[in-house]
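Engineer: Quick one: this structure, given as structure tokens, is what I'll be asking you about.
The values are calculated or read from the model by the stated rules, or taken from the named source; none is laboratory data. These numbers were taken from a predicted model, which means no experiment stands behind them. Cβ atoms come from the backbone with ideal geometry, glycine included; neighbour counts cover every protein chain shown.
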Amino acid sequence: MRILLTGASGFIGRHLASMLSGAGHTVIGAARRRPSPDVADACQAWHDIDFATVESPEAWLPWLADVDVVINAVGIVSEEPGSAGFERLHHRTSALLFEACQRAGVKRVIHLSALGADASATSRYHLSKRAGDEALLVRRAQGLDGVVLQPSLVFGLGGASTQLFLQWATWPRLLVPEGAGPVQPVHVDDLSACVLQLVERTGGGEASDPVIPVVGPEPLAWEEYLQRLRAAMGLPRAPVWRVPLACVDVAVSLGERLHSRLVTREIWAMLQRGNTAPMARPSRPCRPAERFLSVDEQAAARLMARLPPALALLRFSLALVWIVTAIVSFGLFPVADSLGRVHTTQPRANGLSRDAGQGARRRPGWCLGKVGNAAMRPGRPVPEGLPPEPAARGVAKPGRGRTPASFCALRSTGSGGNASGLRSVNTP
């Protein structure tokens with residue numbers, strides 16, 4: 001079938017494009033961002049469509065020509081300054097797309113919403129998702145074959161929330177906020193398989209449920225979900241510490257001040273509510289959380305979880321070094337002592353570098369011979385910090401490698417200290 005996939009450059013859209021293309025369907029990707037190489041390979045065609053600029057159903061009609069199925073995977077988790085918000089993307093532009101699909105005679109529309117977009121929704125995210133769901137259900141009542149999928153927390157490598165939860169699970173002590181409701185996470189591949197099943201049932205005469213929750217096999221408390229993520233990464237169970245609500249409020253306030261996309265009051269409210277539901281048709285066994293990662297993915301997941309905190313610590317250490325250096329440079333260390341150290345060390349450093357430079361121009365390995373020979377010449381002081389050379393042990397046999405000691409012995413006894421002598425010694 002010919003499938004128009006909106007939001008194809010997003011996290012879920014990338015997986016959908018790969019699975020649908022692998023099943024033999026023709027995927028037409030659509031998004032405001034250019035596709036990555038893997039998405040471009042999975043899509044047979046591409047449309048640059050910005051949901052924020054579509055103002056009428058007629059604008060969608062050219063992109064719906066000869067399209068059998070439309071999958072709407074457009075969505076954002078948080079609003080960013082200067083970009084389209086929840087209401088625009090999740091509701092108004094989606095409603096225009098559904099109306100255009102009905103006019104163009106599209107056989108089926110699959111709309112990816114979110115679990116919790118129901119009558120009990122309070123967050124702007126869930127309210128906008130619910131408005132988009134109702135827009136499709138209105139068209140369904142008028143004859144359009146539309147299905148709303150409401151996935152729970154979606155896990156998959158490359159997802160922003162997955163990255164956060166994997167980092168959280170690798171801590172030696174699992175800090176779990178008090179008041180967080182249970183979750184029923186689902187793997188992105190299981191969600192994609194559910195979408196593929198709906199696509200391949202299109203036109204078969206089998207009626208599907210209008211709203212289908214897509215969830216994992218069982219609800220999990222947050223501490224148990226984190227422990228199972230540790231098991232998926234090959235890590236042992238870790239102790240759990242409960243974080244009081246007062247501390248959680250402080251962390252959420254700090255996240256909003258730092259403009260974090262994932263640590264906001266709305267997301268915290270959604271976590272408190274929980275995210276669970278019974279499985280509905282089409283039923284398909286979903287993998288449990290401890291099997292979210294394959295054996296080949298375990299090492300990559302552990303690295304992905306531990307690298308960002310390590311990089312943050314490295315940046316902090318470098319910044320601290322620069323700050324301390326700046327403070328010392330402003331006069332905490334005596335200036336006169338600093339200048340005295342510079343004057344005493346500079347002549348010696350210049351002499352050694354001059355000798356090394358002359359030797360490098362003459363022959364590789366001259367630097368070792370020059371420095372070692374300095375210790376054997378009578379009357380020349382040994383450079384500070386270098387151990388004295390042992391006595392010469394004789395001339396090395398031709399064709400063998402030269403050590404600094406044998407090289408210096410040859411130089412002091414047979415070569416006369418000239419460059420030609422050095423060349424005759426070092427050449428087999």
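Engineer: Given the criteria of a type outside the set (Ser, Thr, Tyr), at pLDDT 95 or above, under 21 Å from PRO35 (Cβ atoms) and surrounded by 15 or more Cβ atoms within 10 Å (Cβ to Cβ), does VAL148 qualify?
Structural biologist: no
Engineer: Another question, then. How many residues are in contact with a helix residue (DSSP H, G or I) (Cβ under 8 Å, 6 or more places away or on another chain) and either of a type in the set (Asp, Glu) or modelled with pLDDT under 90 (or both) when one looks only at segment 220-247?
Structural biologist: Selection size over segment 220-247: 0.
Engineer: Criterion first (in contact (Cβ under 8 Å) with a residue 12 or more places away in the chain, in the same structural domain as LEU97 (by TED's automatic domain parsing) and more than 25 Å from ALA289 (Cβ to Cβ)) does GLN142 satisfy it?
Structural biologist: Working: in contact (Cβ under 8 Å) with a residue 12 or more places away in the chain: yes; in the same structural domain as LEU97 (by TED's automatic domain parsing): yes; more than 25 Å from ALA289 (Cβ to Cβ): yes.
Taking the combined requirement at face value, the residue satisfies it.
Engineer: Looking at (1) basic (Lys, Arg); (2) in contact (Cβ under 8 Å) with a residue 60 or more places away in the chain; (3) closer than 19 Å to ALA269 by Cβ, can you tell me which one ARG108 breaks?
Structural biologist: If we test ARG108 against (1) basic (Lys, Arg); (2) in contact (Cβ under 8 Å) with a residue 60 or more places away in the chain; (3) closer than 19 Å to ALA269 by Cβ, just (3) comes out false.
Engineer: Okay, next question. Taking GLY181, is it small (Gly, Ala, Ser), part of a loop (DSSP other than H, G, I, E, B) and within 22 Å of ILE76 (Cβ to Cβ)?
Structural biologist: no
Engineer: Another one. Name the one entry in ASP66, ASP145, ASP118 that is in contact with a helix residue (DSSP H, G or I) (Cβ under 9 Å, 6 or more places away or on another chain) and acidic (Asp, Glu). Before you say what the answer is, go through the steps one by one.
Structural biologist: Numbers: ASP66 fails: in contact with a helix residue (DSSP H, G or I) (Cβ under 9 Å, 6 or more places away or on another chain); ASP145 fails: in contact with a helix residue (DSSP H, G or I) (Cβ under 9 Å, 6 or more places away or on another chain).
The conditions single out ASP118.
Engineer: Would you tally the residues in segment 98-132 being in a helix (DSSP H, G or I) and surrounded by fewer than 23 Cβ atoms within 10 Å (Cβ to Cβ)?
Structural biologist: Qualifying residue count, segment 98-132: 9.
Engineer: Please determine, by comparing only the residues of segment 1-30 that are part of a loop (DSSP other than H, G, I, E, B) and touching a residue at least 12 places away in the same chain (Cβ under 8 Å), which one is surrounded by the most Cβ atoms within 10 Å (Cβ to Cβ).
Structural biologist: Restricting to residues being part of a loop (DSSP other than H, G, I, E, B) and touching a residue at least 12 places away in the same chain (Cβ under 8 Å), the top hit is ALA8.
Engineer: ARG33 fails exactly one of the following numbered conditions: (1) under 23 Å from GLY159 (Cα atoms); (2) assigned to a helix (DSSP H, G or I). What is the number of that condition?
Structural biologist: Checking ARG33 against (1) under 23 Å from GLY159 (Cα atoms); (2) assigned to a helix (DSSP H, G or I), the one that fails is (2).
Engineer: Would you confirm, using the coordinates I've provided, whether MET270 is touching a Lys or Arg at 6+ places or on another chain (Cβ under 6 Å), surrounded by 13 or more Cβ atoms within 10 Å (Cβ to Cβ), within 23 Å of ALA169 (Cα to Cα) and assigned by TED's automatic domain parsing to the domain that holds ASP118? Steps first, answer last, please.
Structural biologist: Working: touching a Lys or Arg at 6+ places or on another chain (Cβ under 6 Å): no; surrounded by 13 or more Cβ atoms within 10 Å (Cβ to Cβ): yes; within 23 Å of ALA169 (Cα to Cα): yes; assigned by TED's automatic domain parsing to the domain that holds ASP118: yes.
No; evaluated as a whole, the condition is false for this residue.
Engineer: In addition: Please go through segment 291-305 and give me each residue that is loosely packed, with under 14 Cβ neighbours inside 10 Å and either assigned to a helix (DSSP H, G or I) or not assigned by TED's automatic domain parsing to the domain that holds GLN227 (or both), ordered by number. First the steps, then the outcome.
Structural biologist: The first filter runs over segment 291-305 and keeps only residues loosely packed, with under 14 Cβ neighbours inside 10 Å, leaving 291, 294-296, 299-300, 303.
Passing the criteria: ARG291, VAL295, ASP296, ALA299, ALA300, LEU303.
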